[in-house]
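To start, the structure itself, in structure tokens.
None of the figures in this text is laboratory data; all of them are computed from the coordinates on show. The structure displayed is predicted, hence computed values, not measured ones. Because the Cβ atoms are built from the backbone with ideal geometry, glycine has one as well, and the counts that use them run over all protein chains shown.
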């Protein structure tokens, strides 16, 4: 009887351990880390004091903190957030291929790195920019740090309120997507 109970406990323990590993890369983890970071930072104080932005202000229907939080999940690609499908891409355009960085070679995801770090099924066309380049100023990334600055410039210079609101939403979403890339650097497969 004890052996059966021990085996059952081992199976249950193993199951919960696998759940923990499975969820460590999920979008919800990025959202929770980002939400916690916003709560613990002075971001709300800074925005209210310097830009007169409050948590109650909404941009394209959602407050700034939700755009940053959801942006941290959107970076992984197709995502149903705010009740709608935000982004979907073909396999060749998958954003995750730009989430890697090898500091020894300075490269992003390539065939050699892919075969070492990922499952072989994920290595069909594994060419990506280094994550720091993708997040900073890649011409193929509409949610890079440079694009966030562009959106902010539009917020300050556009006269149409709807255009300003859309640019505010894109700016905060861009910040969330860049935060995602920084968070990924704590995950071993994304960093050599």
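Of note:
- Computed across region 130-173, the Kirkwood hydrodynamic radius from all distinct Cα-Cα pairs reaches 10.6 Å.
- Projected label points at residue 105 and residue 158, each 7 Å from Cα along the beta carbon direction, are separated by 4.0 nanometres.
- Between residue 137 and residue 96, the modelled label-to-label distance comes to 3.0 nm, taking each label 7 Å out from Cα in the direction of the beta carbon.
- In this simple spin-label approximation, residue 36 and residue 185 carry label points 7 Å from Cα along the Cα→Cβ vector, and these lie 1.9 nm apart.
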